[in-house]
Amino acid sequence: MYSEKVMDHFQHPRNMGEIEGASGVGTVGNAKCGDIMRIYLDIDENQIIQDVKFKTFGCGAAVATSSMATELVKGKNIKEAMQVTNKAVMEALDGLPPVKVHCSLLAEEAIHAALWDYAEKNGIKIEGLEKPKSDIHEGEEEEEEEY
Ligand code: FES
């Protein structure tokens, strides 16, 4: 069901932890499953992401996608980091089962939230970056519950 890469990143997550005095911090939740993700970015004066760490209260797929997402944004500039979408993360992991696709949104949104925090602190604007959601389901139509 899970690719070897997903299993590897789940069992040996990269960049787990936190950064004290980070340039930007973003937290996003998924109200439907209760999972939470926080991303810390350390960005230098050239807008390069020097370090990134994540913390999650989440399922295995959320851990694996965050781990891969942090690997993908490390060393990039903030514009390049905007291109690390959940799709790019899933591709890098050789796919996720369809029911787990929403888990990969947490990492993307948390990175955006951390970039937003950085931009606000520094009074800059990042092209294409919108105000982040605090929950990945925010703004969605209410789904009918089926029992
Ligand atoms: Fe909640 Fe995966 S089940 S993020």
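Details
- Per residue of the chain, the DSSP helices (runs of n ≥ 4 H) give a summed -39500 (n - 2.57) that works out to -11500 deg cm²/dmol at 222 nm.
- Rounded, prolate or oblate (a/c below 1.5 giving rounded, otherwise prolate when a/b exceeds b/c) for the chain by Cα gyration tensor: oblate
- Its Cα centre serving as origin, the chain has a Cβ charge dipole (Lys and Arg +1, Asp and Glu -1) of approximately 580 debye.
- Magnitude of the charge dipole for the stretch 84-127, about its Cα centre and with charges confined to Cβ atoms of Lys, Arg (+1) and Asp, Glu (-1), is about 40 debye.
- Close lysine pairs were tallied over the stretch 1-106: pairs 8 or more places apart or on different chains with Cα atoms under 17 Å apart number 8.
- Where GluC sites (Glu not before Pro) in DSSP loops with at most 16 other Cβ within 10 Å are excluded, longest remaining stretch of the chain: 46-126
- Burial ordering of I19, I48, I136, I78, fewest other beta-carbon atoms within 10 Å first: I48, I19, I78, I136
- From phi via Karplus (6.51, -1.76, 1.60), per-residue ³J(HN,Hα) for the stretch 80-94 in Hz, x at Gly/Pro: 5, 5, 5, 7, 7, 8, 5, 5, 4, 5, 5, 4, 5, 9, 6
Computed from the coordinates by the stated procedures, all read-outs in this text should not be read as laboratory data. As the structure is a prediction and not an experimental result, all values here were calculated from the model. Ideal geometry is used to build each Cβ from the backbone, glycine not excepted, and the neighbour counts take in all protein chains shown.
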